[in-house]
Structure formats: C-alpha cells, structure tokens
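Comments concern the structure below.
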Amino acid sequence: MQKHHRSNHGADNHRSKEYWMYGTHAVQSALFNQKRTIKRLASTHPAHLPTLFTAQARKRRLTIEQIDASLLQKYAPGAVTQDILALVAPLTEPAIEEILPIDDSAPATLIILDQVTDPQNVGAIMRSGAAFGAAAVVLTDHHSVSESGALAKAASGALDTIAMVKATNLSQFMDQIKKDGFWCMGLSHDAKDTIGTVKLPAKIALVFGAEGPGLRRLTRDQCDFMVHLPTLPPIDQLNVSNAAAVTLYEVRRQQLLLAAK
C-alpha cells in the first residue's frame, strides 16, 4: 500500500479535551479498549454494576467512585447515563494505513461523511459501520464532530471499535485513496442507478453528505459513481444514518457472495 499523509493525525486530539463518557455499552467498550485512557469511573451505585464492569475495572486498576445522583447531571447534563460514567481522553487518531487489511486484494470498506455534524447521526453510522465490517469513518476536519459523551452514547460502544479519522481536505483524501485501489461511491436521491443493481468493487468508500445540503460539489465530483436507495414517496429520502445502514448492508451482502464463490 502506498503511504500517504491523508489527515492531520493527532491535531484534532490536541483540540479535543477529556470528557465524560456515559452509557453501559459505551463505557464497557472503552474499558476493554487498551488504547483508551480512562481517568475516572463513577456511579451512584457501584455495587449494582455488572460483574463484567467491576472485573475489567480491577484489571485496569481503576476504582469505581460512588457519587451523588446530582453529579450525574453535572457531568452529563440532560443525558441518559444508565448510572455509569467514565472520564476519558480522546483516542489517538490512526493513519488509514494502520487499519486497512495488509493484503491489498482483500475487501475493505470506508465510510466518508461530508460535513455531517450531528453526533447522533455520526454515532449511529459508526455503530452500523462496526456491525458491517467497515474499517473507518472518515470525517471532514471542519464542520464535523469530535469525540464527546453524546457521540459515544449514540455509537453505543462503536467509538472504541471502529476508527474515526479526520481529513483536512476531503477531495484530496478521496483522490489519494483511489491510488490505493478504492472506488468512491456517492449516495444521492437524484442518482440514476439503484444501489442493488450495481456490482460493487471489493475496495469501496461510501460517501454521504449532510441531510439537506447533501454532498458538496467537489466531493461529488470526486465520486467514481453515484447511486440512490429505492425509496418510495412520500418518504423519498432517509435520514443519513439510516441510509448508511442500508448501504452498508448491501456492501456486506455483496462481499459475502463474492467470498462464497
């Protein structure tokens, strides 16, 4: 694989500060991720936490602090914490080369989000990406999201499972991954081809735009081909996270059919 400087590795982490992560799945996944730095664990009822939590906390030499319920809202205002909090540092952003298959002929899927700014959507996309075997979610350096409690909760554990990468210049990033054999497929409701009718390449980057504006012109121009989902009126467009889940399913379906031959 060619080596490219594709993103501002680590720069975003300097801007992102430690934050409180909450929710059972998010904190559990963080506990089992050895690359995740956890500074504090807290709960209003530590004795009621699952044995899995407490055993892994001991392995990592972390004490689960007992805190007053009022502090839950202080640390995670308005959030459904499920009575578990973790003060964490953001993960170090990996280089794309670190997470793609060593075998250049092996199937690989990337998810590219063009200025998608809602942490709920990005988190849901990360969860679908992890479920269907995507290697990474690639975001724009600006007008996107950074690690946060809301993102971790929406990802429901996937934030510590699938890589999140920031691209300083998305158009250049797409041009560079093409040199490594990736095809870039954009999603747009006005595309001519339906996704289920297109034979997809083994190495593919799925490109989604923000709800409303969709893909920016330069991003769309970098796509090798465009497809749409066969939705029906009056719901002719899906939320971006739902669209991503449907698309990832079709990619995975075709990958499994190819592997079975």
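We did not get these values from a lab; they are worked out from the coordinates using the rules stated. This one's a predicted model, so the numbers in the text were calculated from it and none came from an experiment. Counting neighbours? That spans all protein chains shown, and the Cβs are built from the backbone with ideal geometry, glycine included.
Sorting 251-260, 27-36 by their mean Cβ neighbour count within 10 Å, with the most densely packed peptide first, gives 27-36, 251-260. Let me see the P(r) profile for segment 170-229: every Cα-Cα distance counted, bins of 5 Å, each bin given as a percent of all pairs. Bin by bin from 0 Å, the calculated values are 4, 19, 31, 24, 16, 5, 0. Listed peptides 172-185, 109-122 appear in the order 109-122, 172-185 once ranked by packing, highest mean of other Cβ atoms within 10 Å at the front. Taking the DSSP bridge list for segment 97-260 and keeping only pairs wholly inside it, about 5 percent are antiparallel. With the Cα gyration tensor of segment 115-250 giving a ≥ b ≥ c as the square roots of its eigenvalues, does the rule (a/c under 1.5 for rounded; else a/b larger than b/c for prolate; else oblate) give rounded, prolate or oblate? Rounded is the answer for segment 115-250, as its axis ratio a/c remains below 1.5.
Per-peptide packing, taken as the mean over residues of other Cβ atoms within 10 Å, places 44-53, 215-224 in the sequence 215-224, 44-53 from highest down. Where (i) 57, 45, 39; (ii) 51, 41, 40; (iii) 57, 39, 38 are the candidate values, the label of the one calculated here for Cα extents along the principal axes in Å is (i).
Could you check how many percent of all C-alpha pairs in segment 14-150 are farther apart than 17 Å?
65 percent
Helix 240-260 axis versus longest C-alpha principal axis of the chain: approximately 70°, rounded to the nearest ten. Placing one equal scatterer on every Cα of segment 92-172 and applying the Debye formula, the log10 ratio I(q)/I(0) at q = 0.15 Å⁻¹ is -0.49. Put simply, the Cα atoms of segment 18-88 extend 29, 25, 17 Å along their principal axes, the longest span coming first. Between Val88, Ser241, Gln254, the Cα set farthest toward the positive side of the dipole of the chain (charges on each charged residue's Cβ, about the Cα centre) is that of Val88.
For segment 229-251 and segment 133-170, what is the separation of their C-alpha centers, rounded to whole Å? Here the two parts' Cα centres lie 20 Å apart. For segment 112-124, the Karplus equation 6.51 cos²θ - 1.76 cosθ + 1.60, evaluated at θ = phi - 60°, returns couplings of 10, 10, 8, 6, 8, 10, 7, x, 5, 5, 4, x, 5 Hz by residue, with Gly and Pro reported as x. Computing FRET efficiency as 1/(1 + (r/R0)^6) for Leu232 and Val198, where r is the C-beta to C-beta distance and R0 is 25 Å, gives about 0.80. Here the Karplus curve 6.51 cos²θ - 1.76 cosθ + 1.60, taken at θ = phi - 60°, turns the phi angles of segment 135-144 into couplings of 7, 6, 10, 9, 10, 5, 5, 10, 6, 8 Hz, with x standing for Gly and Pro.
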